[in-house]
Ligand SMILES: [Zn+2]
Ligand SMILES: [Zn+2]
């Protein structure tokens with residue numbers, strides 16, 4: 001088992017919310033000594049039309065895969081560039097078909113399957129947190145209700161019919177819930193969290209350790225507590241992701257996260273590449 005700097009799950013301007021160009025991202029990663037760099041541009045085929053008016057999720061997958069494959073060749077011998085995608089899971093079966101088509105057409109090196117949205121609305125937009133009354137008033141739904149529903153959604157995402165390798169940023173909902181107490185804890189959601197973790201293990205998927213914790217009182221998603229639980233349940237496959245959208249975020253918090261993972265007991269990271277799981281020493 002070799003040791004490499006890995007960062008599997010990053011974006012560029014090909015994604016609606018990316019800042020730096022893909023070339024800029026790759027040049028920076030190379031200069032930082034990254035050995036495996038995963039590009040996972042957003043494919044969001046489950047968003048509803050109303051939500052699309054709030055945020056433009058358009059994505060030119062043809063241009064992306066074409067450009068990224070060329071760059072992958074350019075970097076051969078210097079850095080392993082993995083050309084992947086981040087699929088936004090939805091219960092909408094039409095979107096599943098589109099994700100399957102993307103896999104058939106472009107054969108991504110890896111896929112991150114992520115829950116960003118409920119009923120076509122990204123949690124980022126806050127819409128799933130509120131219930132509209134008949135008089136138009138919006139009432140905040142309880143954390144118990146919103147997070148339980150989120151866990152069930154993540155659980156269903158694990159049964160997605162299209163191929164995927166990594167379970168993205170488990171706990172995403174807690175980034176945006178608009179209350180001081182937004183912790184996603186085992187004390188409150190232990191059964192639901194266990195159900196997800198056990199299924200990740202049973203399906204031999206990789207649980208992502210995502211460094212984009214957006215102001216939460218933790219350095220990564222899922223939290224340390226959930227990572228410890230995953231380990232205790234027998235989970236060993238994890239990936240590190242900065243989820244960078246600009247060059248300055250590549251490898252963010254990686255040293256602290258690696259120290260934490262080692263302390264928990266993990267000894268390696270898993271890098272998915274065309275169906276193969278490559279073990280990389282922590
Ligand atoms: Zn994501
Ligand atoms: Zn992402």
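All of the numbers you see were taken from the coordinates with simple rules; none came from a lab. As the structure is a prediction and not an experimental result, all values here were calculated from the model. Counting neighbours? That spans all protein chains shown, and the Cβs are built from the backbone with ideal geometry, glycine included.
Based on the Cα atoms of region 198-261, what semi-axes does the equivalent ellipsoid have, where each is the square root of 5 times one gyration tensor eigenvalue, given in whole Å with the largest first?
22, 13, 10
Given R₀ = 45 Å, what would the calculated FRET efficiency be for residue 1 paired with residue 138, taking r from the Cβ atoms and rounding to 0.05?
Result of the calculation: an efficiency of 0.30.
Computed FRET efficiency, Cβ-Cβ of residue 255 and residue 225, R0 25 Å: what is it to the nearest 0.05?
About 0.75, to the nearest 0.05.
Can you tell me which of 9-16, 101-108, 171-178, 135-142 comes out highest on packing, and rank the rest after it, using the mean Cβ neighbours within 10 Å?
Order by mean packing, descending: 9-16, 171-178, 101-108, 135-142.
With a 10 Å radius around each residue's Cβ, average the other Cβ atoms per peptide and rank 248-260, 50-62, highest first.
In decreasing order of mean packing, 248-260, 50-62 become 248-260, 50-62.
Evaluate Rg over Rh across region 21-104, taking Cα atoms for both radii and Kirkwood's formula for Rh.
Expressed as Rg/Rh, it is 1.05.
Would you work out if region 170-282 is rounded, prolate or oblate? Take a ≥ b ≥ c from the square roots of the eigenvalues of the alpha-carbon gyration tensor; rounded if a/c is under 1.5, else prolate when a/b is larger than b/c, oblate otherwise.
oblate
Residue 268 label point, 7 Å along Cα→Cβ, cut-off 20 Å on backbone N: hits in region 1-23?
Zone members listed by number: 1-9.
Would you mind telling me the antiparallel percentage of the DSSP bridges in region 2-281, rounded to 5?
Percent antiparallel among DSSP bridges in region 2-281 is about 30.
For the chain, what does the alpha-carbon gyration tensor say about shape, rounded, prolate or oblate, given a ≥ b ≥ c as the root eigenvalues, a/c under 1.5 as rounded, and a/b over b/c as prolate?
It comes out oblate by the Cα gyration axes.
What is the gain in length, in nm to one decimal, between residue 104 and residue 180 on full extension, counting 0.36 nm per residue of separation less the C-alpha to C-alpha distance?
23.0 nm
On full extension of the chain, what length is gained from residue 17 through residue 70, given 0.36 nm per residue of separation minus the C-alpha to C-alpha distance?
Once the chain is fully extended between residue 17 and residue 70, it gains 16.8 nm.
Tell me the relative contact order for region 121-272 as a rounded percent, counting alpha carbon contacts under 8 Å between residues six or more apart.
19
Using a cut-off of under 15 Å, list every residue of region 22-52 whose amide N is near the label point 7 Å from the Cα of residue 276 along the Cα-to-beta-carbon line.
Under cut-off, by backbone N: 36-37.
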